[in-house]
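> Below is the structure I would like to discuss, written out as structure tokens.
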């Protein structure tokens, strides 16, 4: 009895399971007439897919996108676009073995309570991070549409464990940043920090442990006037979307929790006129005031917990005999999920922002040659 | 073209403006047959209302609830319940004076972009914190219904500026905590910290400045199995609701951003059996795994920014001549909004959680004598 | 546990009861910047209000609209507009008397099953036709906005009992038709038929009985291309709205049920070019094909059942002793609800159509002087 | 920019095109733990599929259901269930040929206006009756769940052209009726009328023409107390669903349009006690009063227009040169769509009714052995 729809006008519907036949997404309300190339979606998927580097899970999946509907003559038709990737490298044997032993900080127990034990538990079923491949496919389309309005979304690894890159990148060219980011298997922009992060991840991997991190997201050229008060605030809808990604423990906009220690005179962003446009001289608000975009870059960051699946022996409960026990998980797991979540975060952000723009009737295409 | 509805089955609709006739809320989908006393709603409103202590705004409002529909013979009928408070102590003169001067970190600019200049700007109109009085009224009913399932929600001031109360209160009696909290005008549970906080607020007030803080929220006895993956996750819906409150800059569940620096072996909560019930030996997850409640206390905290309205002179822009200028705001403002937001946070939390329970068909009333 | 919201982008929320304090509506998503005059809303309400002629109920209600929010300087602000009428001439004594005796074809029994006996039964509570005064208020605004796009909605009495006006009026000036209609207390356009209808209603009134009828609705200048396949079809949304009005038993678009007896070669509307515009030479489709408007007049008609409240003695059940009994209803009732439903039908039609236009981003205002 | 979702708690998402890769449906919110056999879905699909008799289109499609997600160990998991049928016998050549010539009473023109010419026009794309195969798959599951509450839905051909079967069947065993119906290729219950109808259809087929008809639907054992006032009325949601099926021109509940000619004393259904249960002695209301079920059979009927695709020469417009022209359609078409729509109507009815029951929290499973 779940609810797998999201969005007011651009509505996505998520389906599929980690060890079922496939993972998919339907994106409804996407404007007609936009040229869609499979390559663009595939490029995004490739950044999320497993096995892309030594620090990601060794599950081997091609994650090749198939578009099943909604495209005709290489353009969007206005009809729902259904996209899937098939599950190939499925090894459910380990899940059978442990199916009565609750994995710590995994959904096993909650899921039993929710679905009376009928949920597909193999590879965490609907709760697997693999489900977010659907977000990436829909997000690829949303990003593509936003680019036609010159809106750009960029996320990167700000921190892994205690190693943190505190520099600001709002002013830089996103094109360059993207290249820079993809040169780092941990998707950190600072090459030195990147090396440290990789080393840390390899270390926890050796220890059969995992590590968390922070992802920062910046959106440039987002028009002022999008969003609204109360339940239509940009923070409400963005956070709603973001927390649909597994493993997120927190979100903060602009200076975020730091605002709690600030005075108004420090935190308030003075209005100025620059390039004949009203702007703020700094951007502690993170580009959103009163739930509505100000035209300044939208900035937020999220906390990613360490992967729950670790090889280290853990204390837990066997529900078949209701006795406490020890669990040593086998299987293929990411020691740190941060580098892959970056692509998912960009995707869900694009979906939320395009939905706002479409719902407000502010989407503009320049002619039919898109 | 906003969207002022929220909720799947328990649906609230917010309306009214800060300096209009009234502020109101409609709560639809509330179960029939529950005894509703105005007093309970009023008690909650009184905790949010302005002018309740020396550290809140001096605007004088009785904020007396009027129930306009949905109640018959003192019970809910199953019909939409409309509740309002009237605006009495309205002084819009200052807003007329400044209507072309953008108040820093206020919605003025975003709102003009959004509503083409037609929004009611007096007292920030729909964007005023006063709108949340509607949440409090609806939240009072939601809390009341949740109590019938023995679910309790409690929020308190964890930090004002740098002064922070790091103690844990999950194990304590909420009844006692509530008394303790109401003894502090800043709603902090630690009497010593409370005094420090009050002193800090008075200091920033003298400086014609403001200060931010952190509110922590704990929910006890929430049943396991509520919520779901992706867009129906408890974090998604709770954060959606929470960010509908003005001035919130961040939210974190369980250990939150700290998770980013933790290893899986530290962060994972071991399953144990206690009192013949499956529990976790610690609760870093904050009572939610995979978007679904675990039966452990739900714990989250939010960052509240310093009130944007300050008396200190600020740099800004006059939109009538598009020139930069200085602004010295008059008017009555809270130097710190944290103590009043606590009640609003409890309210919106109750609304979200009751909606989940109703939507899943898990609401239970014991007999008709409610 | 009802659901009193309707609409994708223009969303109305209905509240209030027949014998409670008031009946109200909130309209959310209405465009900002449109001049709103109370008079226009009042004029519409006056056409629906009770006691307007010898053939309507004698309940005396001024039904004076009060706008509680969403308007500033006489213009819509983009915020939710809350409008109410108060209940004044309430006489609930009769309902107390009969509260255990099920009125035939009234909601009494269904409502007890639905709300466990807690619903407000006085004057049928939420199920009263009086609730539709809210639709009329919201509809007045929707009509007003549609007029800015030159879209006109017109409904009239096509039949009362067996007396039917079969003439077509699509080609006539709606302004003239409206005057003509308002000259008839039964709102029939044919003066002779009108007299017959009034005589028939007076006859059933004398017999302490009631009579049904048919209302026809025509929309002119509705742009082609609005609506969609499946659940967003114009017929789906229009019928959804229409059946929210009590006493409707059927709806048919274009030739409607007659289509069942027709051949394709008769029913199909040939495309032609007229005035350099693609049109159809006839309009059996009623202006909608594939759920989408064709640019031809939208035409549909609805069946209105005879008022359930009649003075004649009826057979029924007393639920307090579960025995069959006889019921002779007192009270003030319309012998025929058709003339008042016309205004309600126009209203809900306007709401649905404006919602479609707004949701598709097709609403156009010519400048700020609206 | 369409909207292909429907339902409050049981939410279906329709996707696919007539000549694309497939037609599909996702059903979300279906209860966990119900045994699902492909056979049951296939049996339903077989009743809708083309080529099943001499009076249906000769398009050859196996229409074999594939379940892509949401089922595990042959049971529903609570996750979204995605089901598809592939398109095999696709011949788009004729559509290429005529793509600039507007087919009378087809969506061609509306669709161009709606989607700026980007819609997939082959086989009418999203507007094809083939899309309703998705409804049938989802409906098969909904019917299956409703049967566990002993709720039965039955539709049949009441009329083809002027030939009409006026008998009542509410009292008969649905099991027998179903057998009887499936013995008739036109799905009429009266064998004599059935022969007449088949003869009529064959006659119009020879004339390269088509014919309309009426389908009646009866639901037995539907519990009292489901539905609500205004926008949650059973008539609102049922008609919303029904008009999502192409080719429907009207719907009427109970006596429907006949109510327009009736007096209250005739139309009102007297309450009686029978079998210790409160019932009505007749059922002109069609089992719904005030938008809520009464516990009596729910009865409604729909008007189906003659298939728009006919072989006869028709007058129309060529949009490439904006000139009027003649069109003689080739291709494979149903001379009468009524016999196939019956299954679709049952399906969408089941979906709507199960959604109501789930949304109200009234769904009951007796144990886990479902």
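Here, each number is a calculation from the coordinates, and none is a lab measurement. In this text, all values refer to a predicted model and were calculated from it rather than measured experimentally. No Cβ is skipped: glycine too gets one built from the backbone with ideal geometry, and neighbour counts run over all protein chains shown.
> Within 10 Å of each residue's Cβ, count the other Cβ atoms and sort C:322, A:137, D:83 from fewest upward.
C:322, D:83, A:137
> At q = 0.11 Å⁻¹, what log₁₀ I(q)/I(0) does chain C have when each alpha carbon counts as one equal point scatterer in the Debye sum?
-0.79
> Shifting gears a bit: Based only on other Cβ atoms within 10 Å, what is the fewest-to-most ordering of A:168, C:263?
Least crowded to most crowded, the residues run A:168, C:263.
> How far is it, in nm, from the label point at residue D:207 to the one at residue D:364 when both lie 7 Å from their Cα along the line to the Cβ?
5.3 nm
> Residue by residue through C:292-303, how many Cβ atoms from other chains fall within 10 Å of the Cβ on average?
What the average comes to for C:292-303 is 3.
> Suppose R0 equals 45 Å. What FRET efficiency, 1/(1 + (r/R0)^6) with r the Cβ-Cβ distance, do residue A:171 and residue B:168 give to the nearest 0.05?
Once the sixth-power term is evaluated, E becomes 0.60.
> Test of understanding: in a Gaussian network model of chain A with alpha carbons linked when under 10 Å, which of A:166, A:207, A:235 would top the mean-square fluctuation ranking?
Among A:166, A:207, A:235, the largest mean-square fluctuation in the Gaussian network model of chain A belongs to A:166.
> Between residue C:325 and the same site in the other copies, what are the distances in nm, shortest first, taking label points 7 Å from Cα along the C-beta direction?
Values, ascending and in nm: 6.5, 7.3, 7.3.
> Then there's this: Helix D:191-206 versus the longest principal axis of chain D: what angle, 0 to 90°, nearest 10, using Cα atoms?
20 degrees
> Let me ask something additional. With contacts defined as alpha carbon pairs under 8 Å and 6 or more residues apart, what's the relative contact order of the range B:5-359 in percent?
23 percent.
> What are the distances, in nm and sorted shortest first, from the label point of residue C:312 to the label points of the same position in each other copy, with each label point placed 7 Å from Cα along the Cα-to-Cβ direction?
Ordered by distance, the counterparts are at 4.4, 8.0, 8.3 nm.
> While we're looking at this one, here's another question. Which of the three applies to the range A:101-187, rounded, prolate or oblate, going by the alpha-carbon gyration tensor with a ≥ b ≥ c and a/c under 1.5 meaning rounded?
Verdict is oblate for the range A:101-187.
> Using a 10 angstrom cutoff on alpha carbons, build the Gaussian network for chain D and name the most mobile of D:112, D:101, D:343.
D:112
> Relative to the first principal axis of the alpha-carbon coordinates of chain C, what is the inclination of helix C:132-147, with its axis defined by its Cα atoms, in degrees from 0 to 90 and to the nearest 10?
Long axis of C:132-147 versus the principal axis of chain C: about 10 degrees.
> Could you please state, rounded to a whole Å, how far the C-alpha centre of the range B:204-218 is from the C-alpha centre of the range C:140-186?
Their Cα centres are 60 Å away from one another.
> Averaged over its residues, how many other protein chain Cβ atoms are within 10 Å of peptide C:118-124's Cβ atoms?
Mean number of neighbouring Cβ atoms from other chains: 5.
> Then there's this: What's the exposure ranking of A:66, C:61, going from fewest to most Cβ atoms within 10 Å?
Lowest count first: A:66, C:61.
> Compute the angle between helix C:338-359 and the longest alpha-carbon principal axis of chain C, please, reported from 0 to 90 degrees and rounded to the nearest 10.
Rounded to the nearest ten degrees, it is 50.
> Kindly identify the range C:236-291 as rounded, prolate or oblate by the Cα gyration tensor criterion: order the square roots of the eigenvalues as a ≥ b ≥ c, call it rounded if a/c is under 1.5, otherwise compare a/b with b/c, prolate if a/b is larger, else oblate.
Oblate is the answer for the range C:236-291, as a/c is 1.5 or above yet b/c matches or exceeds a/b.
> Can I ask one more? Just to be sure I understand the model, the point goes 7 Å from the Cα along the line to the Cβ. What's the resulting residue C:282 to residue A:199 distance in nm?
My value for the distance between the label points is 8.6 nm.
> At what distance in nm do the modelled label points of residue A:272 and residue B:148 sit from each other, each positioned 7 Å from its Cα along Cα→Cβ?
Simple spin-label model gives 5.8 nm for this pair.
> Then there is this: Show that you can apply the helix-only estimate: for chain D, add -39,500 (n - 2.57) for every DSSP H stretch of four or more residues, divide by all residues, and state [θ] at 222 nm to the nearest 500.
-8000 deg cm²/dmol
> Here's something else I'd like to know. What translational diffusion coefficient, to the nearest whole µm²/s, does the protein assembly as shown have by Stokes-Einstein, given a Kirkwood radius computed over alpha-carbon pairs, a temperature of 4 °C and 1.567 mPa s viscosity?
For these conditions, the coefficient is 39 µm²/s.
> At 7 angstrom along the Cα-to-beta-carbon line, where would the label on residue A:183 sit relative to the other copies? Give the distances in nm, shortest first.
Nearest to farthest, the other copies are at 6.1, 8.1, 8.5 nm.
> Once each part is reduced to its C-alpha centroid, what is the distance from the range D:40-89 to the range C:268-305 in angstrom?
Each part reduced to its Cα centre gives a spacing of 34 Å.
> Something else about it: Among A:157, A:57, A:316, determine the one that fluctuates most according to a GNM of chain A built with springs between C-alpha atoms less than 10 Å apart.
Among A:157, A:57, A:316, the largest GNM mean-square fluctuation belongs to A:316.
> For the range B:275-347, taking Cα atoms only, what is the radius of gyration to one decimal and the Dmax to the nearest whole Å?
Expressed in Å, the Cα Rg and Dmax of the range B:275-347 come to 22.0, 71.
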